[in-house]
Amino acid sequence: MTMLAIWNIDWQTIADATALGGVYALMAVGIGLVFGVLRLVNFAYGQLVMAGAFSLALASQWGWPQWAGIALCFAVVLALSMLMDRLVFRPLRGHSPAVMLVATFAVAFLLQSIALLWFGPLGKIATSLAYLNRPITISHVDIRKITIVAVVVAALCLVALALLLERTTVGLHMRASSMDFQTARMLGVRANRVIAMAVLVSGALAAVVAVMLTVQNPLVTPDFALRDTIIVLAGVVLGGMNRPIPATLGGFAIGFASGLLGGALPTNQSQYLPTFLFAAVILVLLVRPGGIFTRARVVERV
Amino acid sequence: MRRLAWLQELAGPALLVIVTALLGTLVSISTQGYFTDTLVKVAMVVALYTFVGNSGVLSFGHISFVAVGAWTAGVLSVPSDVKPAIMPNLAHMLRDRTTGNLSSLALAALVGGICALVVALPLMRLSGLAAGIATFGVLEITHNLLRYEEKIGPGLNAFSSVPETTGLRQAAIGALVVVVVAFAYGRSRFGRLLRATREDPAAARAVGVSIYRQRLGAFALSGVLAGLAGGLYVHLLPVNTESVYLDLTFITLAMLVVGGATSLWGAVVGALAVSALDSYLAVAENGSSFFGAKIDLPAGTRVVIVGTLMAVVLILRPNGLTGGREFRVWRR
């Protein structure tokens, strides 16, 4: 620990960084799954999380019980992701990545401005799960309950997802599709079904992320989760976009790194956290453009 | 006449810019601002096109060169007597120097180009998504540094007291300069080589084209143009770090893709079409009448409509309004 002590890192920072890594890992899987089947970088993913967070805030404003708020959050996010798939992703399927990316930009822009119109720039506060913010003390280290919940929930979700991908037919279809969509279709994988499934799973993960992020940050504004999406996207590309596991590890790594950096930087430099983080991202990309967690260096056709 | 057929590819975009500027002289002073702003956006989008359109590689980082240009021109043109009040922590070298309008624009272009070149030296080795994310990183870093580094600018504050020299005329001339440079580059040997790498990288490589070098040159040139556009922008309105960040990145990229990313014509048409719609709705939100129609929209609907229309255009015409083709009245 002496080394860590010099860098001003304590167990609390490590715990928080792990929790952030867990949440980012879930977002990374959400983005990675859709990328796998559609080759589409869904920039509007953060706005799904934002929509979920607003549902939670509204539910707590209306005095709904916790479970109802969480159910509403899931319902809204899942409905929204299905809509996105039908209205935007499906017509654009097979177009150039640039067009698809800019289209998801437009969707993100749209959802954000709708939220701005509805809820105003100041946002709303989601209070129903706030008790999870209280700390508990484990051997002189104060840890917020949400930190533990986030780590456990992220781990459970990832295990469930691994089981889904490895042990079920639809998981097999998804993995096959993300390797080679054309061939998978020729071998009898139903394109629409596997895409809908990926979009749904990714939506469900967005809802989980929405619940956890609102506990950590109860003030929900229209640009909620926007910064997180950008950082997670960087993480996903760092890890390796093509496969779920490297993408997840990339998401975790960038969340963990950003949590650690946030704790390690002296206070007069902590405002430069994005600079350090993205400089590291660029450096890693230069060394391993195909991703850190991919096995062989993929020879990309420019 | 036939030999001059290529000239129409320049004449189309240039005429559009001139017509926009002329239309701007016909309206009231308050509405004129929208036309000036539109022309500066044209300059930004064409700068973006110079790299993205010709190379086929997405860049999210170009607005950082706009920002750098704006900072350069802004810091150098704030009158020296008010400088200490607005930017108390400015470095001595910058505090003592103030330049005129034209030289501040030239320096903005120069600094934009140098930054782009420095960034491109390592980054142009990347391609695809890795390149996209790396350029995003550049935007984040630039935004972060400009926001907190008060030695080189106003930090969190806006650039107030910069002489507002970007009127309709300066914006139009600036946009024309950018269009002509982009056109000349596109016609040049280098522009053609870069487009060859976009169409078929393997074939281009096989005939000895260095993809890295071609992209490097284009990135630096588009950095020069973006820096100039940033200079024009800071002379138009009090720029702060938020006005040259994500929103501007999205809107300029969207303009480019909506117009048709692979042609200069598309870049100009996209910038004008989206700006026109956006300004029209902005005026409508204020409840005043504009070009005959009088509508009264609740505040905020503008962005919703623009976002929806952008998505619709992309879904119906994925290659953009122009289909990514250059302007031609008659075909050779």
Please go through (1) touching a helix residue (DSSP H, G or I) at 6+ places or on another chain (Cβ under 9 Å); (2) assigned to a helix (DSSP H, G or I); (3) within 14 Å of chain A (Cβ to nearest Cβ); (4) touching a residue at least 24 places away in the same chain (Cβ under 8 Å) for B:Tyr212 and return the number of the only condition it doesn't satisfy. (1)
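For B:Val75, state whether it is in a helix (DSSP H, G or I) and at pLDDT 95 or above.
No.
It is to be established whether one or more residues within the stretch B:238-247 are modelled with pLDDT of 80 or more and in contact with an Asp or Glu (Cβ under 7 Å, 6 or more places away or on another chain).
No, the conditions are met nowhere in the stretch B:238-247.
If only one of B:Val111, B:Val68, B:Val57, B:Val46 is assigned to a helix (DSSP H, G or I), touching a Ser or Thr at 6+ places or on another chain (Cβ under 8 Å) and within 29 Å of B:Val209 (Cα to Cα), which one is it?
The unique qualifying residue is B:Val111.
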Could you name every one of the helices (runs of 4 or more DSSP H) located completely within the stretch A:142-261 that has at least 3 residues being of a type in the set (A, V, I, L, M, F, W, C) and in contact with a helix residue (DSSP H, G or I) (Cβ under 7 Å, 6 or more places away or on another chain)? A:145-167, A:169-179, A:191-216, A:226-239
Does the stretch A:55-72 contain at least one residue that is modelled with pLDDT of 90 or more, surrounded by fewer than 20 Cβ atoms within 10 Å (Cβ to Cβ), over 30 Å from B:Arg198 (Cα atoms) and under 20 Å from the mean Cα position of the chain (by Cα)? yes
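Inside the stretch A:102-120, can you point out the residues that are surrounded by fewer than 20 Cβ atoms within 10 Å (Cβ to Cβ) and within 10 Å of chain B (Cβ to nearest Cβ)? I'd like the intermediate steps shown before the answer.
Filtering the stretch A:102-120 down to residues surrounded by fewer than 20 Cβ atoms within 10 Å (Cβ to Cβ) leaves A:114, A:116-120.
Those that are surrounded by fewer than 20 Cβ atoms within 10 Å (Cβ to Cβ) and within 10 Å of chain B (Cβ to nearest Cβ): A:Ile114, A:Leu116, A:Leu117, A:Trp118, A:Gly120.
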Could you please find all residues in the stretch A:149-196 being among the basic types (Lys, Arg) and at pLDDT 85 or above? A:Arg167, A:Arg185, A:Arg190, A:Arg193
Which numbered condition B:Thr99 misses (of (1) part of a loop (DSSP other than H, G, I, E, B); (2) at pLDDT 95 or above; (3) polar (S, T, N, Q)): (2)
Unique match (being assigned to a helix (DSSP H, G or I) and surrounded by 16 or more Cβ atoms within 10 Å (Cβ to Cβ)) among B:Val162, B:Val138, B:Val118: B:Val138
If I ask for residues that are in contact (Cβ under 8 Å) with a residue 24 or more places away in the chain and either of a type in the set (A, V, I, L, M, F, W, C) or over 15 Å from A:Gln216 (Cβ atoms) (or both), which ones from the stretch A:124-141 would you list? A:Lys124, A:Ile125, A:Ala126, A:Leu129, A:Ala130, A:Leu132, A:Val141
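Do you know which residues across the stretch A:224-243 are farther than 19 Å from B:Glu140 by Cα and either buried (at least 24 other Cβ atoms within 10 Å of the Cβ) or within 11 Å of another protein chain (Cβ to nearest Cβ) (or both)? Before the answer, list the steps.
The first filter runs over the stretch A:224-243 and keeps only residues farther than 19 Å from B:Glu140 by Cα, leaving A:239-243.
Hits for the stretch A:224-243 are A:Gly239, A:Gly240, A:Met241, A:Asn242.
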Of those in the stretch A:267-293 that are facing another protein chain (nearest Cβ under 9 Å) and of a type in the set (Val, Ile, Thr), the residue nearest to A:Ile230 (Cα to Cα) is A:Val281
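Out of B:Ala284, B:Ala261, B:Ala229, B:Ala276, report the one residue that is in contact with a Gly (Cβ under 9 Å, 6 or more places away or on another chain) and either over 18 Å from B:Tyr49 (Cα atoms) or modelled with pLDDT of 95 or more (or both).
Criteria check complete, one pass: B:Ala229.
Take the conditions away from chain A (no Cβ under 12 Å) and of a type in the set (Phe, Trp, Tyr) and apply them to B:Phe136. Does it pass?
No: the conditions fail for B:Phe136.
Taking the stated definitions as given, is B:Glu149 facing chain A (nearest Cβ under 10 Å) and farther than 24 Å from A:Pro97 by Cα? Show your work before the answer.
Values: facing chain A (nearest Cβ under 10 Å): yes; farther than 24 Å from A:Pro97 by Cα: yes.
Yes; evaluated as a whole, the condition is true for this residue.
The values are calculated or read from the model by the stated rules, or taken from the named source; none is laboratory data. What you see is a predicted model; the values in this text were computed from it and never measured. Here the Cβ is made from the backbone with ideal geometry for all residues, glycine too, and neighbour counts use every protein chain on show.
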